[in-house]
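Working notes for the structure below.
The values are calculated or read from the model by the stated rules, or taken from the named source; none is laboratory data. Bear in mind that the values here come from a model prediction, so they are computed numbers and not experimental data. No Cβ is skipped: glycine too gets one built from the backbone with ideal geometry, and neighbour counts run over all protein chains shown. Just the protein is used for accessible areas: all its heavy atoms, side chains included, with ligands, DNA and RNA removed. Shrake-Rupley method; radii C 1.70, N 1.55, O 1.52, S 1.80 Å.
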Amino acid sequence: MCPLKPTTTSRLELQAAILGTLWLCTIEKEHSVKVSRRICWSDSSTVINWINSDNRRYKPFVAHRITEILDSTRPTDWKWLPPNLNVETAEDTRNMDFSFKSRWYQGPQFLHQPEDD
């Protein structure tokens with residue numbers, strides 16, 4: 001899904017949000033469990049702002065992708081994740097630890113805390 005021409009980091013993050021949306025839809029469709037609530041995370045504040053914006057006067061690249069995301073999710077489904085809490089940091093990818101106690105296996109610690117925190 002990465003474009004062949006050079007592009008901005010924000011646009012690549014937007015592509016990642018579309019990929020996450022596609023995965024979310026596929027998982028919901030393939031499982032019989034009824035989903036009552038979903039939370040989509042992005043560490044890009046730009047992408048979160050685009051999704052939550054009422055102003056839809058973006059250039060076509062952004063506008064089409066935001067429309068695609070909002071066809072399957074609601075703005076309230078999207079939350080910002082501080083980059084230091086993201087599992088996929090450059091340091092983690094260099095030192096992948098797939099043990100049962102690793103962040104790759106259990107997810108970030110904040111997911112195990114009450115939602116209000």
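Considering only the stretch 41-61, I want to know if a residue exists there that is closer than 22 Å to Leu81 by Cα, among the hydrophobic types (A, V, I, L, M, F, W, C) and open to solvent by 50 Å² or more (accessible area, probe 1.4 Å).
Taking the stretch 41-61 as the starting set, the residues that turn out to be closer than 22 Å to Leu81 by Cα are 41-54.
Cutting the leftovers down to among the hydrophobic types (A, V, I, L, M, F, W, C) gives us 41, 47-48, 50-51.
Cutting the leftovers down to open to solvent by 50 Å² or more (accessible area, probe 1.4 Å) gives us 41.
For the stretch 41-61, residues closer than 22 Å to Leu81 by Cα, among the hydrophobic types (A, V, I, L, M, F, W, C) and open to solvent by 50 Å² or more (accessible area, probe 1.4 Å): present.
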Any residue at all in the stretch 64-75 that's at pLDDT 90 or above and in a loop (DSSP other than H, G, I, E, B)? yes
Can you tell me which residue within the stretch 76-87, out of those that are part of a helix (DSSP H, G or I) and touching a helix residue (DSSP H, G or I) at 6+ places or on another chain (Cβ under 9 Å), is surrounded by the most Cβ atoms within 10 Å (Cβ to Cβ)? Asp77
Looking at the stretch 6-20 only, could you name the residues that are farther than 15 Å from Val62 by Cα and surrounded by 11 or more Cβ atoms within 10 Å (Cβ to Cβ)? Gly20
Condition first: more than 21 Å from Pro108 (Cα to Cα) and among the hydrophobic types (A, V, I, L, M, F, W, C). Can you find one or more residues in the stretch 36-45 that meet it? no
Take the residues in the stretch 21-40 that are in contact (Cβ under 8 Å) with a residue 40 or more places away in the chain and among the β-branched types (Val, Ile, Thr); name whichever of them is least open to solvent (accessible area, probe 1.4 Å). Thr21
